[in-house]
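Peer 1: Attaching a single structure in C-alpha cells format; questions to follow.
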Amino acid sequence: MGFLDGIWRGRETEFDSGSAASNAIELTKRHHQVSLNKQGAATGNLRVNLTWRMRTSDFGTMPRESLLRHPFKALKPPEVVGHSQSMVNVDLDLGCLYELQDGTRGVVQPLGNYLGDVNEPPYVKLSGDDRFGSASGETMYINLDHRDAIKRLLVFVYIYDQTPAFDRTHAIVTLYPSNGPRIEIGLDERHPQARSCAVVLIENVKGELLVRREVRFVYGFQAELDRLYGWGLQWGRGYKSKSEKA
C-alpha cells in the first residue's frame, strides 16, 4: 500500500551552453542557472519531462577470479542470482509545488489526482501518470503566457510505493522551452534511501524567469520538501486509486 504524503486542499546567471549537436543546456553544480528571458523563451508552454530507466551496470556484478589460481572455475557454470537488491520496481512521479503572485499555493502531482490546469490557475498541468518508466515518461506543461501571475515553481520527483532506489535509476528531467535549447537536469547523485528530490526551481524575479538547478534529495516526502522551501501547506497521507490509469 502506498504511504506517501498527499495534500489537503486548504544572482548570477550561469549555464552551460551545450553542444550544437545535442542542442541542450545541462545544469550542473557549477553552472546551475539559466534565464528564460535571455534566450527568448519566457512565453508559450514550457514542457517539463521526466524519464528514467534502471542502471544496467548495477545488476549482478561479481568479482572476477584468476583462472590460473582456480583453473576448474572455467568448467563451472556461473551462479544464477534470482533476485538482487538492484532488481526493484520503481515508480517515479513528477510533481510541482506552485506559488502565485496573489499568494495562492498548492501542488500538482499524480497522487490525489491534483493534475492542475494550463489555462487557469495555477497554469501548470500534468498530462498523466507513467507507472512503468516508458520512453515518453511523465510530462508537465507550464503556461508562461501567464508568467506575471507566477511567483515560483518547484519541480520535484518522488518515489511512490516502492523501495527507495534513486541510486539505481538513471533519471533525467528535461525542460523544453518555446525557444532555444532544451534544459537538462540529471538526478545522478547517489542517495540510496531518498524518496524525494527537489529538482529545479523556476522563479519570477522582477519579471525575469530564472531556472535554477536544485537536486536536493530528502528521505521524506512532499511535506519535507515543503518545509525546506517554506511553502506552508498542510499534508496528509495519500494513496493512488487502482482506477487511475497509468
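The values are calculated or read from the model by the stated rules, or taken from the named source; none is laboratory data. Given the structure is predicted, the values throughout are model-derived calculations rather than measurements. FYI the Cβ positions are ideal-geometry reconstructions off the backbone, even for glycines, and counts take in every protein chain you see. The accessibility values were calculated without ligands, DNA or RNA, using every heavy atom of the protein model including side chains. Shrake-Rupley method; radii C 1.70, N 1.55, O 1.52, S 1.80 Å.
Peer 1: Distance in nm between label sites at L228 and Y176, each 7 Å beyond Cα in the beta-carbon direction?
Peer 2: So the label points at L228 and Y176 sit 2.7 nm apart.
Peer 1: What accessible area per residue comes out for the stretch 195-235, rounded to a whole number of Å², with a 1.4 Å probe?
Peer 2: About 39 Å² of surface per residue is accessible.
Peer 1: Can I ask one more? From largest accessible area down, sort D117, D226; use a 1.4 Å probe on the protein chains. Display every interim value, and only then the final one.
Peer 2: Values: D117 60, D226 10 Å².
Result of the area sort, largest leading: D117, D226.
Peer 1: Please work out how much accessible surface K151 shows to a 1.4 Å probe, ignoring ligands, DNA and RNA, in Å² rounded to 10.
Peer 2: Probe radius 1.4 Å; accessible area of K151 about 90 Å².
Peer 1: Short version: ³J(HN,Hα) in whole Hz for each residue of the stretch 37-53, in order, from phi by Karplus 6.51 cos²θ - 1.76 cosθ + 1.60 (θ = phi - 60°), x for Gly and Pro, what are they?
Peer 2: 4, 5, 10, x, 10, 8, 10, x, 8, 8, 8, 10, 10, 10, 10, 7, 8
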